[in-house]
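The values are calculated or read from the model by the stated rules, or taken from the named source; none is laboratory data. Note that the coordinates shown come from a computational prediction; the quantities given were computed from them, not determined experimentally. Heads up, the Cβs are rebuilt from the backbone with ideal geometry, glycines too, and the neighbour counts pull from every protein chain shown. Heavy atoms of the whole protein, side chains included, go into the accessibility calculation; ligands, DNA and RNA do not. Shrake-Rupley method; radii C 1.70, N 1.55, O 1.52, S 1.80 Å.
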Amino acid sequence: MKPYRMHLMLCTGTACVSNKAFRIREVLAKELEKHNLQDEIAIVCTGCNGFCAQGPVMVVQPDQIFYQMLTEKDIPHLVEEHFLKGRPVERLMFTPPGEKAPVPKMSDIDFFGKQRLIALRNRGMIDPERIDEYIAREGYAALTKALTRMTPEEIIAQVKQSGLRGRGGAGFPTGRKWELCRKAKGSSKHVVCNADEGDPGAFMDRSIIESDPHSVLEGMMIGARAIGASRGHVYIRDEYPLARQRLIKAINQAREYGLLGEDILGTGFDFDVSIHRGAGAFVCGEETSLISSLQGLPPEPKVRPPFPVESGVWGEPTNINNVETWANVPEIISRGAEWFAGIGTATSKGTKVFSLVGKVKNTGLVEVPMGITLREIVYDVGGGILDDRQFKAVQTGGPSGGCIPASLLDLPIDYEKLTEAGSMMGSGGLVVMDEDTCMVDVARYFLDFLKDESCGKCTACREGIEVMCRILTDICEGHGKEGDIDLLEELSHAVKDASLCALGGTAPNPVLSTIRFFREEYEAHIRDKSCPAAVCKALFQYRIDEEKCTACGLCKKNCPQDAIQGERKVVHRIIQEKCTRCGACFDACRVGAVMKVPNAKTEALAGV
Ligand SMILES: Cc1cc2nc3c(=O)[nH]c(=O)nc-3n(C[C@H](O)[C@H](O)[C@H](O)COP(=O)(O)O)c2cc1C
Ligand code: FES
């Protein structure tokens with residue numbers, strides 16, 4: 001390998017690619033050549049760096065200089081200034097919101113500070129399309145150890161002792177599942193990687209595969225050896241073409257290197273992996289539906305038992321784990337169960353990858369130790385609430401998770417604590433909400449999603465979620481009735497108890513948790529016909545603040561309903577009867593004179 005003096009670790013994860021990272025690579029290569037630097041400076045296309053909101057990002061190694069929001073136009077200047085003359089370009093560095101000075105080094109940026117990388121250990125460090133780079137960072141050392149120095153029972157014992165639990169949602173102990181599958185009767189067994197990732201806004205699994213596909217494959221190989229499986233399947237969401245391409249490349253390379261196929265590493269172990277494209281429904285991620293879909297059948301859940309460990313793919317014992325679960329396995333085998341069990345809380349070991357999104361300053365992919373508090377995630381890693389608004393809630397656990405209020409910000413995150421708080425770990429979506437969020441509308445939004453995604457096989461889920469969604473819509477539209485809250489709670493318990501799979505079993509969580517922590521908002525909607533956050537259109541009004549209005553006429557010009565009265569130099573006024581709450585005036589006003597006023601407060605503003 002050439003001794004390059006610099007490596008430009010350019011992120012080519014999906015978010016950066018959508019912001020032209022591949023084009024930036026081309027321009028970089030051209031500019032390096034122009035200055036005859038191509039033999040001194042290497043461009044490495046990595047997977048997701050994590051700080052997706054700042055993309056396209058690039059880290060210059062070995063100095064760790066972090067460049068962000070790069071455009072093609074920036075590259076000639078960057079190459080000349082930094083790579084030729086040795087003067088890093090401050091303008092392209094990250095400046096935390098509200099601050100003036102940029103933070104040059106990646107390790108000094110708060111977003112990365114409290115993260116601990118296990119599943120994402122190679123993110124931004126390697127080219128995911130080159131197996132040699134994975135191997136150079138001790139990749140496949142754990143497989144070699146497992147195949148040559150450990151019995152299957154010892155592998156299972158290590159995974160059990162590590163305390164690793166499934167990262168796909170339910171948190172089932174991984175080692176125990178493997179043991180059940182190993183003990184299940186059958187000469188042909190399967191391991192499956194669940195990469196369906198149907199939660200809206202979640203991108204943990206996609207990023208792991210895009211940035212380090214071999215870590216997932218190596219985990220599957222070790223699991224297969226422990227269980228006695230010879231067939232592996234990756235069921236991957238069809239909307240993830242880049243992840244799929246990288247996985248296909250990784251599988252082909254592993255075959256070339258004799259790490260997949262027959263008699264792997266001369267140990268007599270046979271194992272190979274095939275890829276299945278997801279059928280495009282949220283319920284496909286549920287393990288029994290996934291198995292049906294993988295076999296070409298409609299993705300409908302089945303009653304368990306029998307569990308997949310006894311009867312899964314083609315009726316044969318099958319162990320299903322999530323992408324992140326698999327990616328943790330090689331590190332546990334390499335570093336030992338004790339090391340892994342030393343991280344986290346009493347019941348939840350290791351780390352968790354979250355997609356941190358919503359009204360937070362730093363959004364992206366984060367991996368943090370179990371036991372970290374929500375406050376640390378939102379304020380230290382996330383940098384606090386966007387525009388310094390008030391924190392209202394954080395939604396964890398995907399569409400069937402719950403909303404956790406400010407009073408629980410110091411909650412240390414683990415499986416049990418989140419469940420006690422009425423939410424769940426889920427697969428790792430973390431949506432931060434500010435004071436402008438209506439919690440009734442949030443519950444309605446998630447129920448609407450789940451209503452559409454219910455496969456319809458069982459009545460409780462199919463009809464129950466639909467009815468709950470209708471009640472929530474009525475409340476948001478100003479037709480809420482006394483007794484609706486009690487009815488929603490009653491229906492929630494019925495749907496939870498009577499649904500066939502966990503889609504229905506967890507669907508009421510957003511409703512129950514918002515009623516539990518934000519009951520007064522439901523009451524304001526139902527009794528006062530008022531939306532305190534001014535989100536539900538029927539329950540607030542736009543008003544113009546006379547003191548602030550400069551009579552510039554922009555609101556009037558932009559109103560499609562002709563609902564604004566006023567002339568130049570005469571304070572403007574909204575005709576409520578004509579207003580459809582489209583928000584065009586609010587968006588157009590440059591002086592913040594257009595206000596959103598909850599119905600309960602409009603009387604106090606009579607005449608405005
Ligand atoms: C409606 C529904 C959707 C699910 N979607 C996913 C998913 O996208 N990815 C995933 O790994 N697990 C998903 N699960 C959980 C799986 O059924 C299963 O528990 C998991 O893949 C097991 O792997 P683990 O033990 O490593 O978590 C879903 C469950 C339900 C009920
Ligand atoms: S995709 Fe580039 S930082 Fe996430």
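Sequence-distant contacts, meaning Cα pairs under 8 Å at least 6 residues apart, place the relative contact order of the stretch 143-232 at 37 percent. Annotation: per residue accessible area for the stretch 212-314 equals 39 Å², rounded to a whole number [probe 1.4 Å, protein chains only].
Probing with 1.4 Å while keeping every protein chain in the model, the per residue accessible area of the stretch 507-608 equals 54 Å².
Angle of helix 509-527 to the longest C-alpha principal axis of the chain, folded into 0 to 90 degrees and rounded to 10: 0°.
Indicate the gyration tensor shape class of the stretch 195-354 (rounded, prolate or oblate), computed on the Cα atoms with a ≥ b ≥ c the square roots of the eigenvalues: a/c under 1.5 is rounded; otherwise a/b larger than b/c is prolate and the rest oblate. Verdict is rounded for the stretch 195-354. Along the axis of the charge dipole computed for the stretch 1-51 (Cβ charges of +1 for Lys and Arg, -1 for Asp and Glu, origin at the Cα centre), the listed residues Leu37, Ile24, Leu8 are led at the positive end by Ile24.
For the stretch 85-124, list residues with backbone N below 15 Å from a point placed 7 Å from the Cα of His7 toward its Cβ? Taking a point 7 Å out along Cα→Cβ of His7, the residues of the stretch 85-124 whose backbone N falls under 15 Å are 121-124. For the stretch 581-597, putting each phi into the Karplus relation 6.51 cos²θ - 1.76 cosθ + 1.60 with θ = phi - 60° gives couplings of 6, 6, x, 4, 5, 4, 5, 7, 5, 8, 10, x, 7, 8, 10, 9, 10 Hz, in residue order, rounded to whole numbers and with x for Gly and Pro.
Along the axis of the charge dipole computed for the chain (Cβ charges of +1 for Lys and Arg, -1 for Asp and Glu, origin at the Cα centre), the listed residues Gly336, Leu294, Val59 are led at the positive end by Val59. Using the Karplus relation 6.51 cos²θ - 1.76 cosθ + 1.60 with θ = phi - 60°, the per-residue 3J(HN,Hα) values for the stretch 478-488 come to x, 10, x, 10, 3, x, 4, 5, 4, 5, 4 Hz, with x marking Gly and Pro. Backbone phi angles across the stretch 405-418, fed through the Karplus curve with coefficients 6.51, -1.76 and 1.60 (θ = phi - 60°), yield HN-Hα couplings of x, 4, 5, 10, 4, 8, 5, x, 7, 8, 4, 5, 4, 5 Hz in residue order; Gly and Pro are listed as x. Most simply put, the chain has about 60% antiparallel DSSP beta bridges, counting only bridges with both residues inside it. For the pair Arg255 and Thr267, label points projected 7 Å from Cα toward Cβ lie 2.1 nm apart. Per-residue ellipticity at 222 nm, computed for the chain from helices alone with -39500 (n - 2.57) per DSSP H run of at least four residues, works out to -10500 deg cm²/dmol. Each part gets one Cα centre, and for the stretch 288-325 versus the stretch 326-390 those centres are 29 Å apart.
Which entries of Lys392/Lys457; Lys85/Lys249; Lys451/Lys481; Lys100/Lys359; Lys417/Lys496 show an alpha-carbon separation above 30 angstrom in the structure shown? Pairs exceeding the cut-off: Lys392/Lys457; Lys85/Lys249.
Here the dipole of the chain is about 520 debye; that uses its Cα centre as origin and unit charges on the Cβ of Lys and Arg (positive) and Asp and Glu (negative). Placing +1 on the Cβ of every Lys and Arg and -1 on the Cβ of every Asp and Glu, with no other charges, gives the stretch 39-180 a dipole of roughly 840 debye about its Cα centre. With Cα atoms as the point set, the chain shows a radius of gyration and Dmax of 26.6, 87 Å.
Ligands, DNA and RNA left out, the accessible area of the chain computed with a 1.4 Å probe is 49% carbon and sulfur.
For the chain, the relative contact order is 11 percent, taking Cα pairs closer than 8 Å that sit 6 or more residues apart in sequence and dividing their mean separation by the residue count. Relative contact order of the stretch 251-388: what whole-number percent is it, with Cα pairs under 8 angstrom and at least 6 residues apart? RCO, the stretch 251-388: 10 percent. The value given for the stretch 285-330 is a Kirkwood hydrodynamic radius of 11.1 Å, derived from the mean inverse Cα-Cα separation. Taking the longest Cα principal axis of the chain as reference, the axis of helix 439-453 is set at about 50 degrees. Only Lys, Arg, Asp and Glu carry charge here, each on its Cβ (+1 for the first two, -1 for the last two); on that basis the stretch 91-240 has a dipole of about 720 debye about its Cα centre.
For the chain, the residue among Leu92, Tyr445, Met424 whose Cα projects farthest onto the positive side of the dipole built from Cβ charges is Leu92.
Radius of gyration (Cα atoms) of the stretch 551-604, expressed as a multiple of 2.2 N^0.38 Å: 1.08. Potential lengthening of the chain between Gln390 and Arg590 amounts to 69.8 nm, from the contour at 0.36 nm per residue minus the alpha-carbon distance. To the nearest 10 degrees, how steeply does helix 459-476 sit against the main Cα axis of the chain, on a 0 to 90 scale? Relative to the chain, helix 459-476 is tipped by roughly 30 degrees.
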